[in-house]
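Okay, structure first, notes after.
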Amino acid sequence: MRSPAALLYDRFPLPEVEIPEGRWVELPRRGRTWLTDLPGPTPDAPAVVLLHAIGCTGLLTWFPVLAVLNQRYRVVTFDQRWHGRGIASERLLISDCADDAAVVIDALGLVDPIVGGFSMGSIVAQRLWRQHPDAVGGLVLAATTDHFRTTGTERLFHASMELTMGILHAVARSKVLSRASRAAGDMLQIEATDMGQWALAEFRSTSPWAVGQAVASLGRFHSTPWLPQVDVPTAVVVTARDWVLPPERQRAVAAAIPGATVHEIDASHGACVLQADVFVPAFVQAVNSVHAQIRDRRSLLQDA
């Protein structure tokens, strides 16, 4: 009988790339998380911080693009709270995830990094700019939105999820913490040579409870009023066949941010991994576009 990992790999072939090593990092007054920090080609290479999707880990969302970006940039990704080996806390709020990202940027001494996010990660990236604008040099938002609960079904889903998670929070947290700790330990024992097995372990390391908490917090997100105030170079990667976050909402985010560039791909919501051949070139192009704008701004300031 074939293993679950083999069956998963048969149905969703994964890009065959080397999985980089990570390490634990202690964030002052917040807890510890699992972080991957790939030095760039030069000591002064610009930095890119990548924020992952819901129910995933930093590596599981971003492993197809890391090596390509690393040819030019220092690349950092980490597990957000309650995902993978991320911070275990009393709550999971998107605003806290944004604060965590700011602490990571400060702890690593990154200056004006480009912050990229996919799906939930793009929401955290928006909140990061809102809460810590001085920590962000530019934004790349992939499969993003400016709000949820736009339809009756969405409103009912998010409201019920928020209520359910509130009721279950006190009862479930201790059990979830125990399971998450065991899962993190199990992940350390898996060699990153079997892509299907590795991906399945990464996916299983985030509990359904954590996903529910994140969904409930995402349902309260609404950046529409302040997106026109975003003052850093921004690119939006639109997944045009997305059934989770409609492409028209993604385009609306780009239209609301002054000067944002649009990089549209014929891909679905899982494009970061399942359609990496399409996603990776577009995402790298978006990062390069933002980097060029940052460089041009610096040149103008130096000449002024």
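The values are calculated or read from the model by the stated rules, or taken from the named source; none is laboratory data. All values derive from a computational prediction rather than experimental measurement. Glycine also receives a Cβ, built like all others from the backbone with ideal geometry; neighbour counts cover every protein chain displayed. Protein only, heavy atoms only, side chains kept; ligands, DNA and RNA dropped before computing areas. Shrake-Rupley method; radii C 1.70, N 1.55, O 1.52, S 1.80 Å.
Is it fair to say Thr77 is more than 12 Å from the chain's Cα centre (by Cα) and at pLDDT 95 or above? Full working, then the answer.
Working: more than 12 Å from the chain's Cα centre (by Cα): no; at pLDDT 95 or above: yes.
Judged against the criteria, Thr77 is not a match.
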Point to revise | Residues satisfying the stated conditions in the range 119-143, i.e. open to solvent by 10 Å² or more (accessible area, probe 1.4 Å) and touching a Cys at 6+ places or on another chain (Cβ under 9 Å) | key: Ser119, Arg127
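Residue by residue, here is whether (1) under 24 Å from Arg127 (Cα atoms); (2) buried (at least 16 other Cβ atoms within 10 Å of the Cβ); (3) out of contact with any Ser or Thr (no Cβ under 8 Å at 6 or more places or on another chain) holds:
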| position | (1), (2), (3) |
| --- | --- |
| Val238 | yes, yes, yes |
| Trp243 | yes, no, no |
| Thr261 | yes, yes, no |
| Ala271 | yes, yes, no |
| Pro281 | no, no, yes |
| Leu300 | no, no, yes |
Practice item. Would you please list the contacts, defined by Cβ atoms under 6 Å and residues six or more apart or on different chains, that run from a residue in the range 136-156 that is at pLDDT below 60 to a residue that is in a loop (DSSP other than H, G, I, E, B) and open to solvent by 40 Å² or more (accessible area, probe 1.4 Å)? Key: Arg155/Arg149
Practice item. Output the number of residues of the range 216-236 satisfying the condition of being open to solvent by 20 Å² or more (accessible area, probe 1.4 Å) and either hydrophobic (A, V, I, L, M, F, W, C) or touching a strand residue (DSSP E or B) at 6+ places or on another chain (Cβ under 9 Å) (or both). Key: 2
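Restricting attention to the range 29-46, which residues are buried (at least 21 other Cβ atoms within 10 Å of the Cβ) and in a strand (DSSP E or B)? Step through it out loud before you land on a result.
Going residue by residue through the range 29-46, those that are buried (at least 21 other Cβ atoms within 10 Å of the Cβ) are 33-34, 36, 46.
Those that are buried (at least 21 other Cβ atoms within 10 Å of the Cβ) and in a strand (DSSP E or B): Thr33, Trp34, Thr36.
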Revision key, fill the gap. Picked from the range 71-99 (must be open to solvent by 10 Å² or more (accessible area, probe 1.4 Å) and among the polar types (S, T, N, Q)), the residue farthest from Ala216 (Cα to Cα) is Gln71
**Study point:** Single condition Ala252 does not satisfy, out of (1) open to solvent by 30 Å² or more (accessible area, probe 1.4 Å); (2) modelled with pLDDT of 95 or more; (3) closer than 26 Å to Gly58 by Cβ
**Key:** (3)
Point to revise | Number of the condition not met by Gly116 [criteria: (1) buried (at least 21 other Cβ atoms within 10 Å of the Cβ); (2) part of a loop (DSSP other than H, G, I, E, B)] | key: (2)
Practice item. Could you tell me which residue of the range 47-56 is surrounded by the fewest Cβ atoms within 10 Å (Cβ to Cβ), considering only residues that are touching an Asp or Glu at 6+ places or on another chain (Cβ under 9 Å) and farther than 15 Å from Asp100 by Cα? Key: Ala47
Exercise for review: For the range 197-209, enumerate the residues that are in a helix (DSSP H, G or I) and under 15 Å from Gly58 (Cα atoms).
Suggested key: Trp198, Ala199, Leu200, Ala201, Glu202, Phe203, Arg204
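Each row is one residue, and each column tells you yes or no for (1) within 19 Å of the chain's Cα centre (by Cα); (2) within 20 Å of Gln71 (Cβ to Cβ).
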{"residue": "Pro258", "(1), (2)": "no, no"}
{"residue": "Val262", "(1), (2)": "yes, no"}
{"residue": "Ala267", "(1), (2)": "yes, no"}
{"residue": "Phe279", "(1), (2)": "yes, yes"}
{"residue": "Val284", "(1), (2)": "yes, yes"}
{"residue": "Asn288", "(1), (2)": "yes, yes"}
{"residue": "Ala292", "(1), (2)": "no, yes"}
{"residue": "Asp296", "(1), (2)": "no, no"}
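In this structure, does Leu60 turn out to be buried (at least 19 other Cβ atoms within 10 Å of the Cβ) and either out of contact with any strand residue (DSSP E or B) (no Cβ under 9 Å at 6 or more places or on another chain) or outside any strand (DSSP E or B) (or both)? Can you show your working first?
On the way: buried (at least 19 other Cβ atoms within 10 Å of the Cβ): yes; either out of contact with any strand residue (DSSP E or B) (no Cβ under 9 Å at 6 or more places or on another chain) or outside any strand (DSSP E or B) (or both): yes.
Judged against the criteria, Leu60 is a match.
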